[in-house]
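As structure tokens, the structure follows; a few thoughts come after it.
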Amino acid sequence: MTVANDQFTFLQELVYKRSAMVLSDSKAYLAESRLMPLARAIGISDTGEFVAHVRRSHDVKLEEQVVEAMTINETLWFRDKRPFDALRSHVLPDLISRKASARQLSIWSAASSSGQELYSVAILLEESFPQMRDWRVSLLGTDLSREMVDKATSGVYSSMEMNRGLPAAMLIRYFSQSGSSYRLTDTIRSKVRFQQMNLASTPWPSLPVFDVILLRNVLIYFDVGTKQRILQEARRRLSPGGYLLLGTAETTSGLSGEFETVSAEGAVFYRVKER
Amino acid sequence: MRVLLVDDSRAMRSIVARILRKIGIFDIDEAADGQEALDRVKAGPVPDLALVDWNMPVMNGLDFVISVRKEGEFRSMTIMMVTTENEHGQIVRALAAGAHEYLIKPFDEEALIDKLAILGFVGNLDEASSEQVHS
Ligand SMILES: C[S@@+](CC[C@H](N)C(=O)[O-])C[C@H]1O[C@@H](n2cnc3c(N)ncnc32)[C@H](O)[C@@H]1O
């Protein structure tokens, strides 16, 4: 027996309740592979049976593990919208004026999943900052999952994924048909680079400094000590005056005293405090 | 705000209507094909938003968009195609005809809400709004 439809509905509700993340129906196929290790760990060899067990047991700890396993790659285009509005109206104009002589900009999506976050930035730059076309812009995405890095690199997305937050006008402009999927144009794909990296394994390998670090919806998976170490590493990779962006439900407070907040367009960015 | 749902599937209209009601949109009108939709729009009041299927009997969704865009007085109406037509070329045609957005079937609830946010009909997709949607 595998995960049945009504069981997936239960998983969707559970994930929503615990993480405010909405698992799309297209993620049903993930249930099997994601939950198998958890099932085995408690001596159940069948995922359907495992879900039934979770449902009956009301074991909070177990529910949390299930949520983590299921949400781990969830992402969408221009996620939460406001941070991207703030990038457009505040963060990027500020960086452009400060870096006008060097004409270099670097942005890092530190848990890039299937790539929508970094590509959203690339599209935003293309749409709103044509004056930067002759700048040296480096856009790096990293993720723990090799599978996600490969998917991001391919730049190919299903219609279910395209539906999530991507304006149709951008679909037309920056994608072409590829079977029943959509493929990002080479103009955008050639601007970004993805590689594998484990944020939890500190100290990090040598990395350049970045003007913007997107560290979104990943700290939630770590314990306090790991969060602290990651924020400390991230701080060291921020260029002077650079911006750190976390997920909507995440914060540096209680984890690091070295950041101050900047708000714009209803989004909160973090910058290293001046001494 | 007033929404017109144009789809020949009653089940689809009721699913979409249910999602709209969840996010506080109650002024919902329905039409089963493009012609009926055109009649509704002409009779008024003009909806703020029309969600339009493509393949329907009598008059299809694209022809509806073309017809309605001929009339200057309906220009304020926002149109989103909601259809299984998923080819890039079709999306280009629909936007060229005057649709503003495009949602590909099948879609989930959150995708519809994302699109309404893009169109400015619901608040930004922060925790609060999705909370409200799923409560
Ligand atoms: C929920 S997604 C967030 C994607 C994107 N940043 C966003 O906000 O939409 C979390 C991602 O973090 C990645 N991840 C989890 N643990 C990680 C780690 N230790 N190092 C790097 N990436 C990790 C997962 O593979 C997953 O792709």
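Taken together, the values in this text are just the output of simple stated rules run on the coordinates, not laboratory data. Fair warning: this is a prediction, and the values are worked out from it, not measured in the lab. So basically every Cβ, Gly included, is an ideal-geometry build from the backbone, and we count neighbours across all protein chains shown.
Across peptide A:73-86, how many C-beta atoms of other chains are within 10 Å of each residue C-beta, on average?
Average per residue, whole number: 2.
Please identify, among A:L124, A:L30, A:L231, the residue showing maximal mean-square fluctuation in a Gaussian network model of chain A using a 10 angstrom Cα cutoff.
A:L30
Given +1 on the Cβ of Lys and Arg, -1 on the Cβ of Asp and Glu, and no further charges, what dipole in debye does region A:14-167 carry about its Cα centre, rounded to the nearest 20?
About 420 debye.
Roughly what % of DSSP beta bridges within chain A run antiparallel, to the nearest 5?
Counting only bridges with both partners in chain A, antiparallel ones make up about 40 percent.
Where does the Debye-calculated log10 I(q)/I(0) of region A:1-133 sit at q = 0.18 Å⁻¹, using only Cα point scatterers of equal weight, no solvent?
Those come out to -0.92, one per q.
What number, in nm² with one decimal, is the all-direction average of the projected area of the convex hull of the alpha-carbon atoms of region A:5-71? If you can, show how the numbers build up before the last one.
Details: hull surface 15.4 nm².
Mean orientational projected area (region A:5-71, Cα hull): 3.8 nm².
If you add up the charges near A:H58, with Lys and Arg at +1 and Asp and Glu at -1, over every other residue whose beta carbon is less than 14 angstrom from its beta carbon, what do you get? Walk me through the intermediate numbers first.
Details: positive: A:K17, A:R18, A:R55, A:R56, A:K61; negative: A:E13, A:D59, A:E63, A:E64.
The answer is +1.
What Kirkwood hydrodynamic radius do you get for chain B when you take the inverse of the mean 1/r over all pairs of distinct Cα atoms, in Å?
14.9 Å
Excluding A:V272 itself, what net charge comes from residues whose Cβ is under 10 Å from its Cβ, given Lys and Arg +1 and Asp and Glu -1?
Value of the local net charge: +2.
Ranking A:W135, A:W108, B:W54 by Cβ neighbours within 10 Å, fewest first, what do you get?
The fewest-first ordering by Cβ neighbours comes to A:W135, B:W54, A:W108.
Please state the relative contact order of region B:2-126 as a whole percent: Cα pairs under 8 Å, 6+ residues apart? Show your work: numbers first, answer last.
On the way: 189 pairs, mean separation 25.8, N = 125.
For region B:2-126, the relative contact order is 21 percent.
Give me the lysines in straight-line cross-link reach of B:K70: C-alpha distance below 21 Å, same-chain residues under 8 apart excluded.
Filter leaves B:K42.
Amide H of B:A50 versus every other amide H placed in the peptide plane: which residues, excluding those fewer than 5 positions away on the same chain, fall under 5 Å?
It is B:L4, B:T78, B:I79, B:M80, by chain and number.
Which of the listed residues, B:L112, B:V82, B:V65, is farthest toward the dipole's positive end in chain B, when Lys, Arg count +1 and Asp, Glu count -1 at the beta-carbon?
B:V65
Percent relative contact order of region A:198-241, based on C-alpha pairs within less than 8 angstrom and at least six residues apart?
Values: 25 pairs, mean separation 27.3, N = 44.
Worked out over region A:198-241, it gives 62 percent.
Relative to a virtual label point 7 Å from the Cα of B:E73 in the Cα→beta-carbon direction, which members of region B:1-44 show backbone nitrogen distances below 18 Å?
B:36-44, by backbone N distance to the label point.
Quick one: which residues, 5+ away or cross-chain, put their amide H under 5 Å from the amide H of A:F210? H built at 1.01 Å from N.
A:L238, A:S239
Relative to 2.2 N^0.38 Å, what does the C-alpha radius of gyration of chain A come to as a ratio? Two decimals please. Can you show the working numbers first?
On the way: Rg = 19.6 Å, N = 275, 2.2 N^0.38 = 18.6 Å.
Relative to the rule-of-thumb radius for its length, chain A sits at 1.06.
Go through region A:143-151 residue by residue and turn each phi into a ³J(HN,Hα) via Karplus (6.51, -1.76, 1.60, θ = phi - 60°); whole Hz please, and just put x for glycine and proline.
Working through the residues one at a time gives 8, 5, 8, 4, 4, 5, 4, 5, 5 Hz.
What residues have an amide H closer than 5 Å to that of A:F259, excluding those fewer than 5 places away on the same chain, when H is modeled at 1.01 Å from N in the peptide plane?
A:K273
Taking 0.36 nm per intervening residue step and subtracting the Cα-Cα distance, what contour gain separates A:K17 from A:S181 on full extension?
Numbers: separation 164, 0.36 × 164 = 59.04 nm, distance 3.10 nm.
My answer for the length gained is 55.9 nm.
When chain B is treated as a GNM, springs tying every alpha-carbon pair under 10 Å, which of B:G61, B:G98, B:G120 comes out with the largest mean-square fluctuation?
B:G120
Mind ordering A:114-121, B:70-77 by average Cβ neighbours within 10 Å, highest first?
Put in order of decreasing packing, that is A:114-121, B:70-77.
As an exercise, use a Förster radius of 41 Å and the Cβ-Cβ distance of A:S201 and A:A102 to find the FRET efficiency, rounded to the nearest 0.05. Mind dumping the intermediate values first?
Working: r = 31 Å, r/R0 = 0.76.
For A:S201 and A:A102, the calculated efficiency is 0.85.
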